[in-house]
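Quick notes on the structure that follows.
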Amino acid sequence: MPSYSSPLLSLPGAVAADEPDAGVAAHYGDLFREQRSLAAGEGFVDLSHRDVVTVSGDDRLSWLHLLLTQHVAELAPGHATEALILSAKGHIEHALYLVDDGTTTWLHTEPGAAGALTGYLESMKFFYRVEVADVTAAFAVVHLPAGSIAADPPGAVVRQTPYGRDVFLPREELPAFAAAHGPAVGVLAFEALRVEGHRPRLGRETDHRTIPHELGWLDTAVHLHKGCYRGQETVARVHNLGRPPRRLVFLHLDGSEVRLPEHGAPVRLAADGAEGRALGFVTTSARHHELGPIALALVKRNVPVDAELLAGDTPAAQEAVVEA
């Protein structure tokens with residue numbers, strides 16, 4: 001949806017987010033209070049800028065099983081999963097967050113991604129009995145945190161995960177949902193908890209050559225005992241014969257720095273200083289209500305796990321997310 005603007009940006013204190021989350025609120029006036037609300041299972045996050053796609057038809061699950069990295073041929077109604085679509089060389093092209101309601105598979109993906117995604121899916125329909133639809137204009141995603149006791153809207157499709165519930169609801173119901181499920185929490189708080197949880201995001205933790213092994217997505221979005229999808233040969237080869245060229249790390253940033261390193265900021269060995277060779281890049285940085293400034297970064301696999309790093313100009317200590 002070009003130039004999308006959520007109706008919830010009219011709520012008191014709302015400050016609009018920047019790309020890639022433009023169109024919804026970054027925060028509503030108190031970032032740390034909003035993080036604490038999410039951590040306590042309270043409030044909701046407006047994710048209505050994300051794209052929503054549905055796949056219906058009798059063959060939908062068996063057909064998606066052939067295209068995705070995840071085993072979905074027997075996906076039970078109401079069971080949430082994640083999946084990727086890879087290039088022929090195994091690079092990540094799409095990250096999908098799915099649930100099936102018994103007749104239709106619902107998924108959400110990154111803002112602006114539905115066009116390319118539905119184009120690819122349409123090209124792969126052949127003789128299968130499936131219908132693919134970009135329903136972003138009609139349906140929105142909101143997130144209820146883990147532990148929330150808020151009731152789901154009647155008739156809504158819900159995707160239950162360990163870190164909360166993604167609710168698909170008609171866009172015209174967003175204001176009523178906000179009134180019933182407040183307080184509203186901005187995407188900066190949601191992103192800070194995502195970074196804390198080491199959960200990768202397409203377009204932040206990925207670039208044009210990222211493979212699933214580098215981000216730990218083998219654990220949540222890839223089924224290693226199924227084949228028959230594009231890029232499967234790369235997944236199997238790297239898993240069985242070698243290790244990925246890069247790995248995701250979690251960074252504790254020096255709290256004395258005023259600015260957070262931006263997405264794409266180079267990561268270097270602290271011993272080499274600011275003029276040292278870049279060994280990776282910062283993917284997402286955030287201010288956490290308990291941990292202080294934190295970040296995720298993608299670095300070369302041979303960077304020592306105990307090495308002190310510079311994230312941009314900020315000293316950083318690392319924790320391994322993916323094994324070296």
Considering only protein heavy atoms and a 1.4 Å probe, what is the carbon-and-sulfur percentage of the accessible area of the chain? 53 percent
Order Lys300, Lys226 by their accessible area, 1.4 angstrom probe, all chains in place, largest first. Lys300, Lys226
What number comes out for the charge environment of Ala25, summing +1 per Lys or Arg and -1 per Asp or Glu over other residues with Cβ under 10 Å away? -3
On the formula 1/(1 + (r/R0)^6), with r taken between the Cβ atoms of Phe127 and Glu290 and R0 of 41 Å, the FRET efficiency rounded to 0.05 is 0.15
Average Cα contact separation per residue, the range 245-323, under 8 Å, 6 or more apart, as relative contact order %: 44 percent
Under a cut-off of 18 Å between alpha-carbon atoms, report the aspartates and glutamates in cross-link reach of Lys89, not counting same-chain residues fewer than 8 places apart. Asp207, Glu214, Glu233
Difference of contour (0.36 nm per residue) and Cα-Cα distance, Ala317 to Asp219: 32.8 nm
Could you check the spin-label model distance between Leu9 and Ser87? Points 7 Å from the Cα along Cα→Cβ, value in nm. 3.3 nm
What translational diffusion coefficient, to the nearest whole µm²/s, does the chain have by Stokes-Einstein, given a Kirkwood radius computed over alpha-carbon pairs, a temperature of 37 °C and 0.692 mPa s viscosity? 160 µm²/s
Calculate for the chain the 222 nm mean residue ellipticity that helices alone would give, adding -39,500 (n - 2.57) per DSSP H run of length 4 or more and normalising by residue count, nearest 500 deg cm²/dmol. -5000 deg cm²/dmol
When ligands, DNA and RNA are left out and all protein chains stay put, how many square angstrom of accessible area per residue does the range 150-219 have with a 1.4 Å probe? 39 Å²
State in Å² the accessible area per residue of the range 245-323; use a 1.4 Å probe, count heavy atoms of protein chains only, and round to the nearest integer. 48 Å²
Taking R0 as 30 Å, what's the FRET efficiency between Ala40 and Gln160 from their Cβ-Cβ distance, rounded to 0.05? 0.95
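The values are calculated or read from the model by the stated rules, or taken from the named source; none is laboratory data. What you are looking at is a predicted structure, and each value in this text was computed from that prediction instead of being measured. Reconstructed Cβ throughout: ideal geometry from the backbone, glycine too, with neighbour counts over all protein chains shown. Ligands, DNA and RNA are stripped out before the accessible areas are found, and what is left, the full protein with its side chains, is counted by its heavy atoms. Shrake-Rupley method; radii C 1.70, N 1.55, O 1.52, S 1.80 Å.
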